[in-house]
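Read the structure below first, then the notes.
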Amino acid sequence: MSDQIQPQPGIMDIALYVSGESTIEGRAEVLKLSSNENHYGCSDKAREAFLRAAQALNRYPNTDHGPLRRAIGEVHGLDPDRIICGVGSDEVLQFITQAYAGPGDEVITTEHGFSLYPILAHAVGATPITVAEVDRCIDVDAILAAVTDKTRIVFLANPANPTGTMVAADEIARLAKGLAGRALLVHDGAYAEFVEGFDGGASQVDDHANVVMTRTFSKIHGLGGLRIGWGYAARPVIDVLNRIRQPFNLSEAQMAAAEAAMRDTEFARRCREDNIRWRDWLRNALVQMGIACDPSHANFILARFADADEAEAADKALKDSGILVRRVTGYGFPEGLRITVGDEAACRRVIHALGQFKGVR
Ligand SMILES: *Cc1c(COP(=O)(O)O)cnc(C)c1O
């Protein structure tokens, strides 16, 4: 018998998260379109707030995140007492899983869902259950059919990563009702700000006590490197999550930058408008080349090639032009490449390289 000390059940079932590549061997400069980052950086005001926070690095941070929660509440029209902040939305998703699922429980994710969800389920000893999608869209009936008396959490991202597709509000409401009293519905709104006029699921939280919305500063706010996210839920749920949150989980620098980013609604608006414009241009250009892609609601496009071989060759052609995109084999798309929408120059470079690859330009 091994004398190794064994970890908790589930831990060794975790397949390590693979992040988007950031370097190409032999190339000093790369165009990184592999992690859905904001091509325009972040708000200048966020950077200034971060630098100001460097004056007091000896001080412990505020533990209740009050100023940041109030800023989020003001900008989104939400009750700050029903907001919790974390080290990226990843940490908020972790609080939810840790608080509501354990050994013997089931956590539902979907066929092309975000790869962090099964990792979180395994980490608490729960069993991730993967439900099929229909044409790369989440299927509410299939999810409801998979619910058992062991189901505790259903995770979905809306818009979804890596498909960029969305579920309609009435379908989310139907799912929330079907899960009421049985399981939490986690509505991950990491890309919500890219959808004009979308509340990211906040009204679903107000209408259904079992819905939790998570949001992030990593995407439209361009602060992926700083690690800040937040969640919005009914007060009893927030009270539960706060019990397992470490009191000093966020530094003053994180909170100050996030607060300034949240209040710089003009920066976010410009990013949203530019993203919509160049995303639609990019998709049209791909479709014209015969590369399949669904309309995307996020800041990336899932390009689907004829097969895995063509996707691999296209990935190599892009790399040879200094462009990094994301292979999504692990998400059930061996034939796919997920391409983050950059600015005009970035999108034109992608289309130029793929045009040469396809021999159409
Ligand atoms: C990028 C992303 C997040 C954000 O994670 P952070 O921890 O906030 O950086 C959450 N969910 C999905 C589906 C994402 O793609």
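Numbers at a glance
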{"item": "Any strands (runs of 3 or more DSSP E) falling wholly within the stretch 266-348 and containing at least 3 residues that are of a type in the set (A, V, I, L, M, F, W, C) and touching a Gly at 6+ places or on another chain (Cβ under 8 Å)", "result": "300-304"}
{"item": "Count - residues of the stretch 190-220 that are within 16 Å of the ligand (Cβ to nearest atom), surrounded by 24 or more Cβ atoms within 10 Å (Cβ to Cβ) and outside any strand (DSSP E or B)", "result": "8"}
{"item": "Qualifying residues in the stretch 127-139 (those that are outside any strand (DSSP E or B) and within 24 Å of Thr216 (Cβ to Cβ)) - the one nearest to the ligand (Cβ to nearest atom)", "result": "Ile138"}
{"item": "Criterion: in the same structural domain as Asp90 (by TED's automatic domain parsing) and assigned to a loop (DSSP other than H, G, I, E, B) - qualifying residue of Leu223, Leu241", "result": "Leu223"}
{"item": "Helices (runs of 4 or more DSSP H) within the stretch 59-126 that include 2 or more residues surrounded by fewer than 19 Cβ atoms within 10 Å (Cβ to Cβ), at pLDDT 95 or above and more than 16 Å from the ligand (Cβ to nearest atom)", "result": "66-76"}
{"item": "Any hit, the stretch 141-155, residues being surrounded by 18 or more Cβ atoms within 10 Å (Cβ to Cβ), charged (D, E, K, R) and within 14 Å of the ligand (Cβ to nearest atom)", "result": "no"}
{"item": "Qualifying residue in the stretch 271-283 (condition: under 17 Å from Arg47 (Cβ atoms) and either within 16 Å of the ligand (Cβ to nearest atom) or of a type in the set (D, E, K, R) (or both))", "result": "yes"}
{"item": "Pairs, first under 12 Å from Gly322 (Cβ atoms) in the stretch 29-43, second away from the ligand (no atom under 12 Å from the Cβ) and acidic (Asp, Glu), C-beta under 9 Å, six or more apart", "result": "Val30/Glu21; Lys32/Glu21"}
{"item": "Options Arg243, Arg182, Arg174; residue that is in contact (Cβ under 8 Å) with a residue 40 or more places away in the chain, basic (Lys, Arg), over 30 Å from Ser43 (Cβ atoms) and more than 15 Å from the ligand (Cβ to nearest atom)", "result": "Arg243"}
{"item": "The one condition in (1) in contact with a Leu (Cβ under 9 Å, 6 or more places away or on another chain); (2) not assigned by TED's automatic domain parsing to the domain that holds Asn58 that Ala258 fails to fulfil", "result": "(2)"}
{"item": "Pairs, first not assigned by TED's automatic domain parsing to the domain that holds Phe248 in the stretch 80-106, second at pLDDT below 95, C-beta under 7 Å, six or more apart", "result": "none"}
{"item": "Restricting the stretch 221-240 to residues that are within 11 Å of the ligand (Cβ to nearest atom) and surrounded by fewer than 24 Cβ atoms within 10 Å (Cβ to Cβ), the residue that is nearest to Phe300 (Cα to Cα)", "result": "Gly224"}
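Listed here are the residues, each with its yes/no results for (1) outside the structural domain of Pro159 (by TED's automatic domain parsing); (2) surrounded by 15 or more Cβ atoms within 10 Å (Cβ to Cβ); (3) at positive phi.
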residue	(1), (2), (3)
Leu286	yes, yes, no
Gly290	yes, no, yes
Ala298	yes, yes, no
Asp307	yes, no, no
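The values are calculated or read from the model by the stated rules, or taken from the named source; none is laboratory data. Model, not experiment: these values are computed from the prediction. Don't worry about glycine lacking a Cβ; one is built from the backbone with ideal geometry, like all the others, and counts go over all protein chains shown.
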